[in-house]
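Novice: Before I ask anything, let me first share the structure, which is written out below as structure tokens.
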Amino acid sequence: MIEKSFFAGFGGQGIISLGQIWVYCGLKEGKNVSFFPAYGAEKRGGASQANVVVSSGEIASPLVNEADSAVAMSAEALPVCERALKQGGILLANSSLIKEKPSRKDIRLFYLPLQDIAQKIGGARFTNMAALGALARLTGALALNKIENILQTYFTNDKHKFLPLNISAIRAGFDAAETALTPA
């Protein structure tokens, strides 16, 4: 199993944190991982991207040239993610902020209101956790069956008060993706 993913959005959306937590979960699940971020000098608002790989075998490169999956968190990130995807790849788009449709027809597209999901739970800062849960369900790359224990070791003690909200956002994202995958 190898899942090459590409995450993109703007600074302040938690793209880098999403990548770090994604690979940390993979590591704690016994997989090999790599994380390669790219972001502008701006603290908020600039382009933010992360190349992440989770694999049961060796990883040849941390760069994701043809992604199996991509997460577009903003309208500006949509064309970047679309270009990054391989044929048949999964594109998870944050429909709370993205209304356009990609031009490619050879990808699997999932529009989920990730920011709206996060707002209902505790605020927009949990949008990346909703994305983590949704992508885990869509790709099967992470099991997330011990997510509470994993996040307890990832976050410092002063952040533990946010664990219930993070876990709720992950589960809500997972459930939204489950619904999207279920035939009507």
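Novice: Only residues that are crowded, with 16+ Cβ neighbours inside 10 Å, in a strand (DSSP E or B) and either among the small types (G, A, S) or over 14 Å from the mean Cα position of the chain (by Cα) (or both): list them for the stretch 87-97, please.
Specialist: Across the stretch 87-97, the qualifying residues are G89, A93.
Novice: Still on this structure, I have one more. State which residue pairs qualify: first residue under 15 Å from I98 (Cβ atoms) and inside the stretch 2-22, second residue assigned to a helix (DSSP H, G or I) in any location, beta carbons under 6 Å apart, and separation of 6 or more residues or different chains.
Specialist: Here the result reads F7/I15; F7/L18; F7/G19; A8/A77; A8/V80; A8/C81; G9/I15; G9/A77, each pair linking the stretch 2-22 to a residue that is assigned to a helix (DSSP H, G or I).
Novice: State which residue is surrounded by the fewest Cβ atoms within 10 Å (Cβ to Cβ) when the search covers only the stretch 130-184 and only residues that are among the charged types (D, E, K, R) and in a helix (DSSP H, G or I).
Specialist: Result: D158.
Novice: Assess whether S34 counts as being at pLDDT 95 or above and part of a strand (DSSP E or B).
Specialist: yes
Novice: Which of the residues that make up the stretch 99-128 are of a type in the set (D, E, K, R) and either buried (at least 16 other Cβ atoms within 10 Å of the Cβ) or part of a loop (DSSP other than H, G, I, E, B) (or both)?
Specialist: Of everything in the stretch 99-128, those that are of a type in the set (D, E, K, R) and either buried (at least 16 other Cβ atoms within 10 Å of the Cβ) or part of a loop (DSSP other than H, G, I, E, B) (or both) turn out to be K99, E100, K101, R104, K105, D106, D116, R125.
Novice: Same structure again: Going by the structure shown, is L63 exposed (fewer than 14 other Cβ atoms within 10 Å of the Cβ) and under 18 Å from I15 (Cβ atoms)?
Specialist: Spelling it out, L63 is indeed exposed (fewer than 14 other Cβ atoms within 10 Å of the Cβ) and under 18 Å from I15 (Cβ atoms).
The values are calculated or read from the model by the stated rules, or taken from the named source; none is laboratory data. Since this is a predicted model, take the numbers as computed values, not measurements. Neighbour counts run over all protein chains shown; Cβ positions are idealised from the backbone, glycine included.
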